[in-house]
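Colleague: Dumping the structure here so I can ask a few things about it.
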Amino acid sequence: MIAIEPEILYIRLRRDVSFWFLKEGNNLMDEVFNKIKSLLAAQINAKKFNPDSITLDTKLDSLGLDSLDLAEVVLDVEEAFSLPEVSQEEMVNLKTVKDVVNLVQEKQQQK
C-alpha cells in the first residue's frame with residue numbers, strides 16, 4: 001500500500017514492515033536509509049535490540065543478525081527497492097548499514 005499526502009509518503013510492504021518519511025527536505029540517501037532501518041528493525045525486533053540506535057555506521061554483526069537473518073534482510077531490501085538480485089559476493093561485503101545503503105543506490109543506478 002502506498003499513500004501520498006502533500007508532505008508525507010507512507011509505504012506498507014507487508015503487515016509487519018511499513019515506513020513513512022517527509023517528502024520535503026529529505027535527500028535520496030535519507031530515504032534509502034529510513035527504508036533499510038525499517039527493514040532491519042523488523043528483522044531484529046525479536047532480538048531485543050533497540051532499532052532507534054541504528055545509524056549508518058552501525059555494524060550489521062552488532063545487531064545480532066546471523067547469516068540467515070542477513071539473507072532475509074537482503075531479500076526484503078531487494079523487494080522494497082525493486083532491485084535486481086544481490087549476489088553472494090555483494091552480500092558478503094555488507095558490513096555496515098551504510099554498505100547496504102550504498103549497494104541499494106548502486107543497484108538503482110544500474111536499472
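Colleague: Give, as residue ranges, the helices (runs of 4 or more DSSP H) completely inside the stretch 40-110 that count at least 2 residues that are polar (S, T, N, Q) and within 12 Å of the chain's Cα centre (by Cα).
Modeller: 97-110
Colleague: Could you grab me the full set of residues in the stretch 76-98 that are farther than 16 Å from Ser38 by Cα, surrounded by 15 or more Cβ atoms within 10 Å (Cβ to Cβ) and among the β-branched types (Val, Ile, Thr)?
Modeller: Once the filter is applied, which keeps residues that are farther than 16 Å from Ser38 by Cα, surrounded by 15 or more Cβ atoms within 10 Å (Cβ to Cβ) and among the β-branched types (Val, Ile, Thr), the stretch 76-98 yields only Val86.
Colleague: Among (1) farther than 15 Å from Leu103 by Cβ; (2) of a type outside the set (A, V, I, L, M, F, W, C); (3) in contact with a Lys or Arg (Cβ under 8 Å, 6 or more places away or on another chain), which single condition is Ser62 missing?
Modeller: Condition not satisfied by Ser62: (3).
Colleague: Could you list, ordered by first residue, the pairs with Cβ atoms under 6 Å in which the first is in the stretch 71-98 and within 19 Å of Asp30 (Cβ to Cβ) and the second is among the basic types (Lys, Arg), at least 6 apart or interchain?
Modeller: Qualifying pairs under 6 Å: Ala80/Lys35; Leu83/Lys107; Thr96/Lys59.
Colleague: Looking at the structure I just gave you, is Ser53 within 15 Å of Ile36 (Cβ to Cβ), of a type in the set (S, T, N, Q) and without any contact (Cβ under 8 Å) to a residue 12 or more places away in the chain?
Modeller: yes
Colleague: Glu89: among the charged types (D, E, K, R) and modelled with pLDDT of 80 or more, yes or no?
Modeller: yes
Colleague: Also: Given the criterion surrounded by 16 or more Cβ atoms within 10 Å (Cβ to Cβ), at pLDDT 85 or above and hydrophobic (A, V, I, L, M, F, W, C), identify the matching residue among Val73, Val17.
Modeller: Val73
Colleague: Next question, about the same structure. Hey, among the residues in the stretch 46-66 that are polar (S, T, N, Q) and loosely packed, with under 10 Cβ neighbours inside 10 Å, which one's modelled with the lowest pLDDT?
Modeller: Looking at the filtered set, the residue picked out is Asn50.
The values are calculated or read from the model by the stated rules, or taken from the named source; none is laboratory data. Remember, predicted model here, so these are calculated numbers, not experimental data. Every residue, glycine among them, receives a Cβ derived from its backbone with ideal geometry; neighbour counts consider all protein chains shown.
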